[in-house]
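Q: Here it is: the structure, laid out below.
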Amino acid sequence: MNPANYLKIKNKIPSNVNILAVSKGFKSQEIKTIQNVGQNDFGESKFQEAFEKQIILKDLKDIKWHFIGRIQSNKIRKIVKNFKYIHSVDSFEKLQRISDISCEEKKNPLIMLQVKFSEDPSKGGFNPELLITKWSEIQELKNIKLTGLMTINPKGLSSKENFELFQKCRALADSLQLSDCSMGMSGDWEEAIDAGSTWLRLGSLIFGDRF
Ligand SMILES: *Cc1c(COP(=O)(O)O)cnc(C)c1O
């Protein structure tokens, strides 16, 4: 893990686009190395793996943890207690549960709702029409701060197809007056920037290959 590589990527990205360094599969020492050159947002997709790193890195007070993985209902309390952002809320029921638990725990997590813009059985997410139907109910929920939408494109798309799906996400977020779009990974981040991403979730591009 070479921080020069991270800095090179950071310099290519417009300053209004945030980088979420996806550290799943990488060690806390590697997180420390790039935190040391100014990266403070880190994304993890498995609670237990993340929690172990959070304990080791607890003295690095500037780190903000983002949960980006599939949310198991029995882990919601732990996720709410230990993450500032949750990008991967993929159903109304889970959102409701997050809201209830946030009230009990006196937390106020920043939330991005995962939306699915193409058929991909391997991925969860709100159907866009359902999200619109539920929108007024969603806005009533307490102790959550909805900042945007998140999407993961299926693998193997052309650059144009990636761009068009990201554009749909941006358009829906705009229509709901949400500022954030968490979209773009190591293979499609350029298209995501062009379509209006505000959070690129970059793992291997920053840290190298995962083992
Ligand atoms: C692993 C992961 C990423 C990062 O993937 P890379 O291809 O390594 O950049 C981004 N988003 C989610 C939800 C992930 O699980």
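Q: Would you mind finding the one in 110, 7 that is free of Cβ contacts under 8 Å to residues at least 40 places away in the same chain and in contact with a Ser or Thr (Cβ under 6 Å, 6 or more places away or on another chain)?
A: Sole residue among the options that is free of Cβ contacts under 8 Å to residues at least 40 places away in the same chain and in contact with a Ser or Thr (Cβ under 6 Å, 6 or more places away or on another chain): 110.
Each row is one residue, and each column tells you yes or no for (1) more than 29 Å from residue 53 (Cβ to Cβ); (2) loosely packed, with under 14 Cβ neighbours inside 10 Å; (3) among the acidic types (Asp, Glu).
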| residue | (1), (2), (3) |
| --- | --- |
| 97 | no, no, no |
| 108 | no, no, no |
| 117 | yes, no, no |
| 129 | yes, yes, yes |
| 133 | yes, yes, no |
| 137 | yes, yes, yes |
| 140 | yes, yes, yes |
| 159 | yes, yes, no |
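Q: Return the residues of the stretch 31-46 that are part of a helix (DSSP H, G or I) and within 16 Å of the ligand (Cβ to nearest atom); say none if nothing qualifies.
A: 31, 34
Q: Would you point out the residue of the stretch 177-197, among those that are in a loop (DSSP other than H, G, I, E, B) and farther than 25 Å from residue 1 by Cα, that is farthest from the ligand (Cβ to nearest atom)?
A: Out of the qualifying residues, it is 177.
Q: Can we say residue 40 is surrounded by fewer than 17 Cβ atoms within 10 Å (Cβ to Cβ) and under 19 Å from residue 199 (Cα atoms)?
A: It is true that residue 40 is surrounded by fewer than 17 Cβ atoms within 10 Å (Cβ to Cβ) and under 19 Å from residue 199 (Cα atoms).
Q: Please tell me if residue 165 is in contact with a Phe, Trp or Tyr (Cβ under 6 Å, 6 or more places away or on another chain) and more than 16 Å from residue 88 (Cα to Cα).
A: yes
Q: Just one of 86, 19, 68 is more than 25 Å from residue 138 (Cβ to Cβ), within 16 Å of the ligand (Cβ to nearest atom) and in contact with a Leu (Cβ under 9 Å, 6 or more places away or on another chain); which is it?
A: None of the other options fit; the residue is 19.
Q: Among the residues of the stretch 198-210, which ones are assigned to a loop (DSSP other than H, G, I, E, B) and either within 13 Å of residue 165 (Cβ to Cβ) or within 12 Å of the ligand (Cβ to nearest atom) (or both)?
A: Scanning the stretch 198-210 gives 203, 208, 209, 210.
No value in this document is a laboratory result; all are computed from the given coordinates. Predicted model only: the values in this text are computed from it and were never measured. With ideal geometry, Cβ positions are generated from the backbone for all residues, glycine too; neighbour counts draw on all protein chains shown.
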